[in-house]
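This report refers to the structure that appears directly beneath it.
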Amino acid sequence: MRDGYVVCDVDALAEGGRIITRLGGQISVGVFKIDGQVVAFRNYCPHAGAPACEGTLGGAVVSDGGHERHLAHDGRILKCPWHAWEFLLPEGVTITRPEYRLMRLPVAIEDGKVVVGSHPVRPPRPQVSA
Amino acid sequence: MSAAPPARPEGAVSVDLTGLSAAALATKTLHAAAQGHAASGLPVIDAAVHPRPRPGELHRYMPKVWQQRRLPAGERYYYPNPLGDYLKDAHVADGPPGSDAALTARHLFEECGVAQAVLAPLTLGLLPDLDLLAVICSATNEWLADTWLGPHNAHGRFKGTIRVAPNHPEAAVAEIERWAGHPGFVQIGVPMQSMQLYGSRVFHPVWEAAAHHGLPVFIHADAETGVELAPTTAGYLRHFLGFAAYQPMTFISHLASFMVGGVLDRLPRLRLVFGDGGFDMCAPFIWRLDKDYRPMRGDMPWMMRLPSDYIAQHVRFIAHRLEGPEDPAILNEWLAISDAAETLLFGSNYPAWNMLHPHAAFAGAAPALRRRILVDNAAALYGLAAAPAEETVS
Ligand code: FES
């Protein structure tokens, strides 16, 4: 990848793991491995600028529309440490309003290394069902 | 030893301890309510008119086994209104204010420029005997269909409300099923007062039936028999002024309950009409709910949208005379911030003393906005055609 930064060895990232680092010592990013896929986001919450990638990873409490509740997306919900907005990974969208999303960065695996670009990609808007 | 009290004379059974009667206190006239404003020229839809049966009339519609039952008087005896409760012109000799269909039609259609009126009879509020309340609701519906929606409605300008007792869900659902097909009824009606908030699961069958038939749920302060919770969460304000100003907070509490209870998510067709004010309290309260919805939504996972997202789809308020700024310079700004163009309906509350007269209602608002409030929003909600203003009662 042109203009990419090597972040780590691909083996250094376990399933469900993450690395927080700065590209070129400047741009704070979070790199996650979710469902075997490596994704990277700017470490910046669209709500009020918190380091969202440092939040807890867990599940979301959802309902099928009745009065029952259950846990969904376990291990794929990143909760912002400041006001607890819930981002669904690997897409990086909030589960309540998918148009609010983390800024996703391009990732390539090159020669066994995770390489992250600094120019955001716009993923297609996913259908989030809860 | 004191002397025995004098024997009660035969026949002297009722002593009026309340002082002046509401009729004697009433000084506000229909003319005064217009505040000098001219007719709007709009085919006004009045979404809150309160007809009442004449004495004894309701009993005729009750099953015989209930006909001997004495009914409570209602009328908020514990907060007497110092100005009486009704317009001076609405008092009639042979029944309570609002009991004369021809007089009501003349006042609204000829003197106030109203084109169509949604009738919402009240039903003595909550009663400890919920079977009795269900019987009263049922009799009220039959009476309305038989009179104001029957022979008194040759002009076709009256629409009706199916009264139900929400704390008796089986009876309420049966009543909705009984009348939903009647072309005169356009909504169901329940009291604002309740021992539980309306988002509670116990009420769900009632809202489900209303939504199924596409009937909005009209919630209005009802008769106030005293069988209800204190008007504030810290007890009783001392006087009528405080009571009347505060009372619509109950609507906001019901609204929050409908949201967090997931009722609006489960019933996308449900429409709520808060019939007696509260519009001015809604926006600030919704801002408060919105603020922390996202981090706390896991507590109520059935609520899938921001609180403010529900309003335009599900919620309407009937305007109240107490609301809004006096200063016309900021009226339009206030209406815009509060999304009045989507959510506010005109209702006069006739024959109440504090009637909002259509001539005076939002006279300072931008014309297009005024038309939405006085005509279009109600027409859309109830599926009514906006009739021409010139039409007069036949
Ligand atoms: S800054 Fe992330 S939720 Fe507020």
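The values are calculated or read from the model by the stated rules, or taken from the named source; none is laboratory data. Only a predicted model underlies this, so the values are computations on that prediction, with no experimental measurement involved. Cβ atoms come from the backbone with ideal geometry, glycine included; neighbour counts cover every protein chain shown. Quick note on the areas: whole protein, heavy atoms, side chains included, nothing else; ligands and nucleic acids left out. Shrake-Rupley method; radii C 1.70, N 1.55, O 1.52, S 1.80 Å.
The listed residues are B:117, B:105, and the only one of them that is open to solvent by less than 20 Å² (accessible area, probe 1.4 Å) and in a strand (DSSP E or B) turns out to be B:117. Those helices (runs of 4 or more DSSP H) of region B:298-394 in which at least 2 residues are more than 24 Å from residue B:116 (Cα to Cα), considering only elements entirely within it, cover B:307-314, B:328-337. The residues of region B:123-152 that are small (Gly, Ala, Ser) and not in a helix (DSSP H, G or I), listed by number, are B:125, B:150.
Here residue A:60 meets the list (1) crowded, with 20+ Cβ neighbours inside 10 Å; (2) more than 8 Å from chain B (Cβ to nearest Cβ); (3) of a type in the set (Gly, Ala, Ser) almost entirely, failing just condition (2). Taken over region B:120-133, the criterion of being free of Cβ contacts under 8 Å to residues at least 60 places away in the same chain and buried (at least 23 other Cβ atoms within 10 Å of the Cβ) is satisfied by B:133 alone. With the structure loaded, tell me whether residue A:44 is aromatic (Phe, Trp, Tyr), in contact (Cβ under 8 Å) with a residue 40 or more places away in the chain and in a strand (DSSP E or B) or whether it fails that test. So residue A:44 fails the test.
Criterion applied to B:199, B:181 was being assigned to a loop (DSSP other than H, G, I, E, B) and either within 14 Å of chain A (Cβ to nearest Cβ) or on the phi > 0 side of the Ramachandran plot (or both), and the one residue passing it is B:199. For residue B:280, indicate whether it is over 25 Å from residue B:213 (Cβ atoms) and either more than 14 Å from chain A (Cβ to nearest Cβ) or not in a strand (DSSP E or B) (or both). For residue B:280, the condition - over 25 Å from residue B:213 (Cβ atoms) and either more than 14 Å from chain A (Cβ to nearest Cβ) or not in a strand (DSSP E or B) (or both) - is met. For region B:45-75, a tally of residues being at pLDDT 95 or above, of a type outside the set (A, V, I, L, M) and open to solvent by less than 20 Å² (accessible area, probe 1.4 Å) returns 3. For region A:44-97, residues that are on the phi < 0 side of the Ramachandran plot, within 11 Å of the ligand (Cβ to nearest atom) and of a type outside the set (Val, Ile, Thr) total 20. Quick check on region B:135-146. Is at least one of its residues open to solvent by 20 Å² or more (accessible area, probe 1.4 Å) and modelled with pLDDT under 95? No, because not a single residue in region B:135-146 is open to solvent by 20 Å² or more (accessible area, probe 1.4 Å) and modelled with pLDDT under 95.
When the residues of region B:251-277 are narrowed to those that are in a loop (DSSP other than H, G, I, E, B) and open to solvent by 50 Å² or more (accessible area, probe 1.4 Å), which ends up nearest to the other protein chains (Cβ to nearest Cβ)? Walk me through how you get there before you give the answer.
Step one: filter region B:251-277 for residues in a loop (DSSP other than H, G, I, E, B), giving B:261-262, B:267-271, B:276.
Subsequent filtering for residues that are open to solvent by 50 Å² or more (accessible area, probe 1.4 Å) retains B:268-269, B:271.
Values: B:268: 11, B:269: 14, B:271: 19 Å.
So the residue we want is B:268.
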